[in-house]
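Participant: I'd like to ask you about the structure that follows.
Any read-out appearing in this document is the output of simple, stated calculations on the displayed coordinates, not a laboratory observation. Every value quoted in this text rests on a predicted model; they were computed, and no experiment measured them. Counting neighbours? That spans all protein chains shown, and the Cβs are built from the backbone with ideal geometry, glycine included.
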């Protein structure tokens with residue numbers, strides 16, 4: 001009925017529907033700018049078009065793979081049963097039981113029952129003529145749901161089964177759809193991989209896909225559904241896709257915890273310091289396929305090969321120190337078991353020095369005759385600075401929303417080493433967060449191609465490691481092994497320089513590096529961008545010479561805590577494509593002169609004011625916050641926490657939220673500061689203090705080395 005109604009609506013608005021018309025291929029041409037979509041081949045002939053939406057479900061990967069594009073999608077059998085008539089069920093609510101991974105969905109006077117078993121049947125490519133086909137139900141697999149349903153509702157077992165439904169369904173590595181523009185074929189969009197949630201997501205995802213095509217972007221923050229959340233390497237690796245999609249299927253009804261980590265598809269990409277991190281007892285996390293240190297434990301807790309939760313003839317790991325440590329993070333009403341350990345890392349950074357392995361960060365070089373033109377258009381800040389100056393800037397969409405926040409360093413042409421690239425024309429070194437690395441790269445590349453800039457954009461992420469040392473003693477420690485002067489006069493804040501490091505732990509070897517004086521945590525600090533083959537020697541040397549000053553390893557859990565405490569942003573959380581720099585308190589990144597993408601929207605907000613803005617909320621009570629908690633001003637809901645951490649130097653939880661007025665009018669500082677605030681945590685409201693900027697070091701003295 002729904003499909004019929006949508007079809008009629010499309011026809012009434014000028015659309016055409018051609019039934020029983022098999023799509024046999026995409027028509028793609030190679031151009032100087034890459035692959036261009038020019039049409040669709042069907043059983044009735046070719047259709048010329050420059051825009052196509054791939055909504056082919058389980059066939060979505062097969063359709064595009066022959067053209068060099070890959071989707072992280074696999075088909076599995078998915079089932080439910082429909083009961084005989086059960087008196088009294090009409091009109092009662094649907095039920096989802098997370099313990100039994102089972103659901104009841106009311107259909108008239110009957111119950112549809114199904115769930116997510118731990119051992120679904122993973123299919124080979126589904127036959128092209130199976131679009132209305134069904135499989136016989138495998139009761140040996142489905143019995144786990146039937147038994148759970150009867151335990152949940154014993155009377156359900158008194159009624160028979162009217163019919164069974166078992167068909168092919170498409171599943172993805174994180175149980176979320178695949179949407180957005182294809183990264184290989186220009187003109188192709190995806191709207192598939194709905195993980196049996198097509199009825200729930202279909203309307204909204206269809207609307208956003210249409211807006212994507214018409215306006216070049218969706219209206220909502222869609223990164224969690226955007227296919228660019230996965231890398232090309234992940235999309236090409238069928239074993240990784242199978243492992244992760246299986247785990248996501250099996251855990252679909254599991255409770256979602258902020259710090260949970262996948263067990264499948266691990267060790268997919270390792271940075272140059274991976275073995276060093278394991279030797280230091282790092283508890284590793286996974287982001288966009290990369291392993292990164294979350295925090296450092298007293299004992300080893302390494303990731304084991306995926307055991308498929310004991311399914312498909314695999315034996316479940318009898319013991320796993322990693323899973324035991326992970327259990328300590330699966331909490332809501334209390335802090336993580338590792339809360340104190342992470343706090344020690346964070347406070348070491350605030351009081352002495354800490355070393356962070358940031359090697360998985362995105363690292364790009366943009367160079368060529370039009371590099372300055374490209375930088376002027378793509379970046380909101382003024383990057384036309386003297387060489388060796390690093391600028392923090394945003395990349396905006398046409399509505400002024402933040403597609404990425406990056407640091408950009410203007411370079412002189414160098415020796416040709418990976419940390420000192422050689423080029424003609426102008427050159428820029430761009431660094432972005434690792435969790436959205438491919439999205440950032442794709443966004444920049446798409447803009448370059450659309451505007452026709454004569455530049456190259458090289459991804460050198462895998463070739464360079466990043467070792468960051470931060471804290472009051474960082475300068476003194478680093479000065480012991482680096483060949484350049486680290487004084488304010490030589491390398492001021494946001495300065496960068498090509499130099500070398502002497503590695504006493506490796507027979508005094510001299511290693512060429514790029515040093516940047518930047519900080520993600522709000523402290524005096526430096527980043528060393530090091531060729532991958534020398535990362536271990538530089539790291540070990542820095543650790544050795546810093547030992548007398550109390551230098552300590554620190555992971556991303558401490559990094560995010562420190563960053564939030566300082567009031568810095570984390571893209572896709574408190575900074576998204578539907579947030580503008582003005583709303584986010586980043587107006588300093590938007591230059592007044594010249595033109596850049598999104599500038600009209602920024603100028604409009606400058607002139608007219610904003611209707612929501614980012615604020616910082618701290619709680620005096622020792623209670624954990626996780627994000628998405630409701631924010632109340634004078635008893636009235638005004639927003640929710642986008643990001644939440646515990647600030648160890650402040651000694652309290654801190655969260656970021658965008659607040660707005662109920663009447664939708666312009667919001668000013670007085671409105672923000674004159675209210676009384678509360679945060680709703682698990683149904684209980686806690687008093688909160690609201691700040692226009694973070695209360696930690698609001699004048700930014702520490703980053704200048706003023707303590």
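Participant: Show that you can apply the helix-only estimate: for the chain, add -39,500 (n - 2.57) for every DSSP H stretch of four or more residues, divide by all residues, and state [θ] at 222 nm to the nearest 500.
Facilitator: The helix-only estimate for the chain comes to -6500 deg cm²/dmol at 222 nm.
Participant: For a footprinting-style exposure proxy, rank 636, 19 by other Cβ within 10 Å, fewest first.
Facilitator: 19, 636
Participant: If you scale each eigenvalue of the Cα gyration tensor by 5 and take the root, what three semi-axes come out for region 569-691, rounded to whole angstrom and sorted largest first?
Facilitator: Semi-axes from the Cα gyration tensor: 28, 16, 11 Å.
Participant: On to the next question. Tilt of helix 339-351 relative to the longest C-alpha principal axis of the chain, in degrees (0 to 90, nearest 10)?
Facilitator: The answer is roughly 30 degrees.
Participant: How would you classify region 19-132 from its alpha-carbon gyration tensor, with a ≥ b ≥ c the square roots of the eigenvalues: rounded for a/c under 1.5, else prolate if a/b is greater than b/c, otherwise oblate?
Facilitator: Details: a/c = 3.12, a/b = 2.33, b/c = 1.34.
Note, shape of region 19-132 comes out prolate.
Participant: Project the alpha carbons of the chain onto their principal axes and report the range along each, largest first, in whole Å.
Facilitator: 81, 59, 56
Participant: Also, I was wondering about something else. In degrees from 0 to 90, rounded to the nearest 10, what is the angle of the helix 2-12 Cα long axis to the longest principal axis of the chain?
Facilitator: The angle comes out at about 80 degrees.
Participant: Need one number: % antiparallel among DSSP beta bridges in the chain, to the nearest 5. Show your work: numbers first, answer last.
Facilitator: Values: 126 of 137 bridges.
DSSP beta bridges in the chain are roughly 90 percent antiparallel.
Participant: Now for a different question. Using alpha carbons only, how many angstrom separate the centre of region 462-487 from the centre of region 176-251?
Facilitator: Taking the Cα centre of each part, region 462-487 and region 176-251 sit 40 Å apart.
Participant: A further question follows. Sorted from largest down, give the three principal axis spans of the alpha carbons of region 74-171, whole angstrom values.
Facilitator: So the extents along the principal axes, rounded to whole Å, are 42, 26, 21.
Participant: Using the per-residue mean of other Cβ atoms lying within 10 Å as a proxy for protection, in what order, highest first, do the peptides 72-84, 139-151, 516-528 fall?
Facilitator: Packing proxy ranking, top to bottom: 516-528, 72-84, 139-151.
Participant: Treating the angle as unsigned and between 0 and 90°, give the value, to the nearest 10°, between the Cα long axis of helix 139-152 and the longest Cα principal axis of the chain.
Facilitator: The helix 139-152 is inclined about 90 degrees to the chain.
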